[in-house]
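Trainee: First, the structure itself, so that you have it in front of you.
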Amino acid sequence: GMALANVRTVASLTAEQQVVTKYGSLLQAHSDAGVRHSIAIGFNTGFSMFVLYGSYGLAFWYGYRMLENGQISLQDIITVLYAVIWTGRGLSNSFGSLPDIQKGDRAAAVVMKLVDRQSSINPKDRSGDHCVFSKGAIEMK
């Protein structure tokens, strides 16, 4: 960051190659992290879509089998399909929120650690130096 802001100084010290090499390695590290993050998001999205469409397919297939055997009516199939569709949609949407839920869990753990720690200051201890308050008037000139 500073090297880019002070490019004249870098050039006067003939350190361009060092700065470019270091900048490239920093970019590579961030690029690798971005690729890993993208793969995780892709897997998460793919799994949620699998749950959604898999539940649709299973409901249609099993509903047709039961209708064919006379175990269920068409009205019951439609009711079950709506229940499966909305349940599948809710499950697939919940998988997309897992990273945020994990971040919230970590943040809550940090806050609880702060709340539960013992203070090095005892608020009930009356020993030590005390502030002496004086009364007076402040005059602004």
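Trainee: Ser119 fails exactly one of the following numbered conditions: (1) modelled with pLDDT under 80; (2) of a type outside the set (A, V, I, L, M, F, W, C); (3) open to solvent by 100 Å² or more (accessible area, probe 1.4 Å). What is the number of that condition?
Mentor: The failed condition is (3).
Trainee: Right, another one. Consider Ile101 carefully, then state whether it is hydrophobic (A, V, I, L, M, F, W, C), touching a residue at least 24 places away in the same chain (Cβ under 8 Å) and part of a helix (DSSP H, G or I). Show your work before the answer.
Mentor: Working: hydrophobic (A, V, I, L, M, F, W, C): yes; touching a residue at least 24 places away in the same chain (Cβ under 8 Å): no; part of a helix (DSSP H, G or I): yes.
No, not satisfied.
Trainee: Spot the failing condition for Ser92; the list is (1) assigned to a helix (DSSP H, G or I); (2) free of Cβ contacts under 8 Å to residues at least 24 places away in the same chain; (3) small (Gly, Ala, Ser), and only one is missed.
Mentor: Only one criterion in (1) assigned to a helix (DSSP H, G or I); (2) free of Cβ contacts under 8 Å to residues at least 24 places away in the same chain; (3) small (Gly, Ala, Ser) is unmet by Ser92, namely (2).
This table checks each residue for (1) open to solvent by 100 Å² or more (accessible area, probe 1.4 Å); (2) not hydrophobic (A, V, I, L, M, F, W, C).
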position: Tyr23; (1), (2): yes, yes
position: Ser31; (1), (2): no, yes
position: Gly46; (1), (2): no, yes
position: Leu58; (1), (2): yes, no
position: Gly63; (1), (2): no, yes
position: Gly70; (1), (2): no, yes
position: Gln75; (1), (2): yes, yes
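The values are calculated or read from the model by the stated rules, or taken from the named source; none is laboratory data. These figures come from a predicted structure and were not determined experimentally. Don't worry about glycine lacking a Cβ; one is built from the backbone with ideal geometry, like all the others, and counts go over all protein chains shown. These area figures cover heavy atoms from the full protein model, side chains too; ligands, DNA and RNA do not enter into them. Shrake-Rupley method; radii C 1.70, N 1.55, O 1.52, S 1.80 Å.
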